[in-house]
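The numbers here are math on the coordinates, done by the rules we state, and not lab data. Just so it is clear, the model here is predicted, and its values are computed rather than measured. Every residue, glycine as well, gets a Cβ built from its backbone with ideal geometry; the counts of neighbours run over all protein chains shown.
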Amino acid sequence: MHDKTIARIRHGLASGEFSSREICEHLLSRIDQLNPSCNAFISVSSELALQHADDADKRRAAGADSPLLGVPIAHKDIFCTNGVRTSCGSRMLENFVPPYNATVVDKLSQAGVVCLGKTNMDEFAMGSSNENSYFGNVVNPWGSNRVPGGSSGGSAAAVAARMVPGCTGTDTGGSIRQPASFCGITGIKPTYGRVSRYGMIAFASSLDQGGPMAATAEDCALLLQEMAGFDEKDSTSIDRPVDDYCGSLNDALDGLKVGLPKQYFTEGLDNNIAASLQASIAELEKMGASFVEVDLPNQHLSVPAYYVVAPAECSSNLSRFDGVRYGYRCDNPADLEDLYKRSRGEGFGREVKRRILIGTYVLSAGYFDAYYLKAQKIRNLISEDFTSAFKEVDMILGPTTPTPAFKIGENSADPVSMYLNDIYTIPANLAGLPGISVPCGLVDDLPVGMQLVGNYFTEARLLNVAHRFQQVTDWHLKSPAK
Ligand code: GLN
């Protein structure tokens, strides 16, 4: 029962093969059984979920059929859920119960989904390994000593362990694609502005973007179809019709031109991942795609530029957590200054503090031009690299990550080596482009992903290529789940 994709669950619900209550009960008991060792969930809302499942079953019996009616999913604990604790992986919001829903949560509820709970994540989405959560690290279901990636590591692990068929995630520098790659699932970061950020707790506002994570590209299409769209509550949301992601999944790949950035296939990339990518390229060629080398000369600057822009924005966004208005407040403060200092000192973890310090520094008078402004200029150069490439090709193919999932603790002592994990994912965020990670092999019994990055608003084409690839390969069907 737990091995079913969203597409399959939809079919089973529609044909009456099983009810929403049956599938939700089954998955909730699976979460009970697996979560103590995996720690993919921060909160499980069993009672509420079963109520919603019963509602969905009643509505269906009365003739309703919204697209995802009765389909179980889970939300990353960064999306505000009305009446359900939303911690963002932080002590700061340990007891925060939002009085409203994020737009993504509302839209998916309107489509009929049943939310089983909130998934674990790096604190305020800062991390690449899910070791920065106040609620403890997440274990990759593929290996008990491996990280699931981050920051949407709980979502990726929950799908990989088949505790839930799909989850929401967010991606500021790779946090949908990198954990998808490490856990052998599919995840797409849409174009910046395609999915509303309203009610999605902010990390770096010019980079953050929500998206779906699921076993297959088809399931991602089903979720994204409901998540995407203009939202007047988000000033960076784009008013443009949503494409038919599901309707174009089977389009032919004849004539598709794909660029292979010469900067991506170098010694920094694990040889076995390179070999998996070569095999994937051969599959796509058989279906009519052609490949040419492209040059993205400024890509090596993306990690340093990101680690100026993202901390700058985070230092500003996180200034609202001051112990006064909401969130954690220290005990018995001596005075106002003590209240600020201790509330923030005790409420935030190490990595968040590191970023706030860096961000405050690069925005300070005297350093602003040297760091922040320069990083913004580099950001433009990186976008221009993509603009030139997309004059020649329809999309770009490369690795999602330089290595398969690393060991728990392996990079914890060295932030720079941790940051370098996102070397292939960050460029798309800096440019605001859509990117998808698709399982494309196993290296040392661990999954690895292929990344496709497209021009603005080409989500439908990315999902189409990923889907066609999944019709001729079975990497996405492999699961460590029993
Ligand atoms: N790993 C990156 C960081 O720590 C990206 C995180 C994300 O995409 N939320 O900033």
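Seen from Thr400, the other residues with C-beta closer than 15 Å to its C-beta sum to a net charge of -1, counting Lys and Arg as +1 and Asp and Glu as -1. I want to verify the translational diffusion coefficient of region 95-244 in µm²/s; compute it with Stokes-Einstein, Rh as the Kirkwood radius over Cα pairs, at 25 °C and 0.890 mPa s. Estimated diffusion coefficient is 161 µm²/s. Estimated purely from DSSP H runs of n ≥ 4, each contributing -39500 (n - 2.57), the mean residue ellipticity at 222 nm for the chain is -11500 deg cm²/dmol once divided by its residues.
The order of the peptides 384-396, 161-173, 417-429 by mean Cβ neighbours within 10 Å, most packed first, is 161-173, 417-429, 384-396.
Relative to the Cα centre, the charge distribution of region 85-234, modelled as +1 at Lys and Arg Cβ and -1 at Asp and Glu Cβ, gives a dipole magnitude of about 220 debye. Which of rounded, prolate, oblate describes region 344-482, given a ≥ b ≥ c as roots of the alpha-carbon gyration tensor eigenvalues and a/c under 1.5 marking rounded, otherwise prolate only if a/b is larger than b/c? Verdict is oblate for region 344-482. When you restrict to C-alpha pairs under 8 Å that are six or more residues apart and normalise by the size of region 330-432, the relative contact order lands at 23 percent. What fraction, in whole percent, of alpha-carbon pairs in region 162-221 exceed 19 Å separation? Here the long-distance tail beyond 19 Å is 25 percent of all Cα pairs in region 162-221.
The fraction of all Cα pairs in the chain landing in successive 10 Å bins from 0 to the largest distance is 4, 22, 33, 26, 11, 3, 0, 0, given as whole percents. Each peptide in 371-381, 464-474, 86-96 receives the mean, over its residues, of other Cβ atoms within 10 Å, and ordering these scores from highest gives 86-96, 464-474, 371-381. For the peptides 69-76, 98-105, 275-282, the ranking by packing is 69-76, 98-105, 275-282, with the highest mean count of neighbouring Cβ atoms within 10 Å listed first. Stretched out straight at 0.36 nm per residue, the stretch from Leu442 to Arg329 would grow longer than its current Cα-Cα span by 36.1 nm. Putting +1 on Lys and Arg Cβ atoms and -1 on Asp and Glu Cβ atoms, find which of Ala74, Ala14, Asn137 reaches farthest to the positive end of the dipole of region 1-155. Of Ala74, Ala14, Asn137, it is Ala14.
Taking every DSSP beta bridge that has both ends in the chain, the antiparallel portion is near 70%.
For region 369-408, the square roots of the Cα gyration tensor eigenvalues, ordered a ≥ b ≥ c, give a/c of at least 1.5 with a/b no greater than b/c, which places it in the oblate category.
For the chain, hydrophobic long helices are taken as DSSP H runs at least 24 Å long by C-alpha position along their axis with mean Kyte-Doolittle hydropathy of -1.0 or more; these are 20-38, 374-392. With Cβ to Cβ distances under 9 Å as the rule, what net charge do the other residues near Lys257 carry (K, R +1; D, E -1)? Here the count lands on -2. According to the square roots a ≥ b ≥ c of the eigenvalues of the Cα gyration tensor, what is the shape class of region 267-352, taking rounded for a/c under 1.5, prolate for a/b larger than b/c otherwise, and oblate for the remainder? Prolate, since a/c reaches 1.5 and a/b exceeds b/c.
Evaluated with a Cβ-only charge set (Lys, Arg +1; Asp, Glu -1), the chain carries a dipole of roughly 480 debye about its Cα centre, given to the nearest 20.
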